[in-house]
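Heads up, the thing below is written out as structure tokens.
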Amino acid sequence: MKFFVDTADLGEIKEANEMGVLDGVTTNPSLMRKAGGSDFHEHILKICRMVDGDVSAEVIATDYDGMISEAHTLANIHENVVVKIPLILDGIKAIRTLSSEGIKTNCTLCFSPNQALIAAKAGATYISPFIGRVDDISTSGMDLLEQIVTIYSNYDFQTQILVASIRHPLHVVESALMGADVATMPLTVIKQLIKHPLTDIGLERFINDWKAYQAATEAGSNGVDV
Ligand code: E4P
């Protein structure tokens, strides 16, 4: 399973990359707004130079010609750029064209299995089901993911399932159990994957026992009554 970090913040991307488990980055206009203040294309280039993996950059146009034009510009920034295209009619047409041109696409804002089916038929490189936003409206994001996994497996589609809008570690483990190709998540969630209270308790006990062992050794005893 590939791990992408879902942020445009260069500091967060650097921190995630330094963990050594990062396979790519996803950005969107909201994340760009949050990161703030620099030229979009330069910003994407900086990310591509930091991370050895796919970097999603989203088009703003919502018409076919506009999306194709923006996609060509974005794809020229760096070979690792994946053009993010919204799952609307013109977006599907654009994905078909870009796919035939060999330009990688991430079909974004997917909320139904039929949308995922059409994106795969159009030749999207990635499909991004937004599971957290589905949960937000009292529907199951994981049920959506399961349906997409089944449909793609039934027909052997090559489109990779990129689980997006991940909110917590349970989303990650459930996505992994279903065999999703990629999980994109905030840095906070990547860090949460590591944490376990028993690890912390166990480590503290080992350190304390080691200190006691050393003290006993220095005092000429191993501290164990035999
Ligand atoms: C990633 O590609 C998506 O844009 C992102 O995961 C959306 O997450 P959100 O629902 O938390 O905004």
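The values are calculated or read from the model by the stated rules, or taken from the named source; none is laboratory data. All of these numbers come straight from a predicted model, not from anything done at the bench. Every residue, glycine as well, gets a Cβ built from its backbone with ideal geometry; the counts of neighbours run over all protein chains shown. Side chains are part of the model used for accessible areas, which takes the heavy atoms of the whole protein and leaves out ligands, DNA and RNA. Shrake-Rupley method; radii C 1.70, N 1.55, O 1.52, S 1.80 Å.
Here the chain is treated with +1 on each Lys and Arg Cβ and -1 on each Asp and Glu Cβ, and its dipole about the Cα centre works out to around 220 debye. If you run the Gaussian network model on the chain, springs between alpha carbon atoms under 10 Å, then out of Thr105, Thr26, Thr139 the most flexible one is Thr139.
Length available on full extension from Lys14 to Asp63: 0.36 nm per residue minus the Cα-Cα distance, which gives 14.2 nm. Projecting the Cα atoms of Trp210, Val173, Ala122 onto the charge dipole of the chain, computed from C-beta unit charges around the Cα centre, puts Ala122 farthest toward the positive end. Using the Stokes-Einstein relation with a Kirkwood hydrodynamic radius computed over Cα pairs, the translational diffusion coefficient of the range 109-151 at 20 °C and a viscosity of 1.002 mPa s comes to 208 µm²/s. Counting heavy atoms of the protein chains alone, His41 has an accessible area of about 80 Å² for a 1.4 Å probe.
Per residue, the range 144-226 exposes 66 Å² of solvent-accessible protein surface, assessed with a 1.4 angstrom probe and all protein chains in place. Taking amide H as placed 1.01 Å from N in the peptide plane, Thr26 has its amide H under 5 Å from the amide H of Val5, Asp6, Thr7, Ser56, each at least 5 places away in sequence or on another chain. Solvent-accessible area of Tyr155, all protein chains in place: 150 Å² (probe radius 1.4 Å, heavy atoms, ligands and nucleic acids excluded).
For the range 112-226, a crude dipole built from +1 on the beta carbon of Lys and Arg and -1 on the beta carbon of Asp and Glu, taken about the Cα centre, is about 340 debye to the nearest 20. Binning at 10 angstrom from zero up to the longest distance, how are the C-alpha pair distances of the range 1-160 distributed in percent? Pairs per bin, as whole percents: 11, 38, 37, 13, 0. Rounded to the nearest 10 degrees, the angle from helix 89-100 to the longest Cα principal axis of the chain is 80 degrees. Of all DSSP beta bridges confined to the chain, the antiparallel ones make up roughly 0%.
Computed over the alpha-carbon atoms, the range 134-193 gives an Rg to Rh ratio of 0.98, Rh here being the Kirkwood radius from the mean inverse distance. Counting only protein heavy atoms and a 1.4 Å probe, the range 1-113 has 47 square angstrom of accessible area per residue. On C-alpha positions alone, give me the angle between the axis of helix 141-155 and the longest principal axis of the chain, in degrees, nearest 10. Approximately 60 degrees, to the nearest ten. Axis of helix 113-122 versus longest Cα principal axis of the chain: the two differ by about 70°, to the nearest ten degrees. Over all Cα atoms in the range 43-86, the spread is summed up by Rg and Dmax: 10.4, 32 Å. Among the protein heavy atoms of the chain, carbon and sulfur supply 53% of the accessible surface, probe 1.4 Å, non-protein parts ignored.
Only protein heavy atoms count here; under a 1.4 Å probe, Phe206 has an accessible surface of about 150 Å². Under the convention that each Lys and Arg Cβ holds +1 and each Asp and Glu Cβ holds -1, the size of the dipole of the range 169-222 around its Cα centre is about 80 debye.
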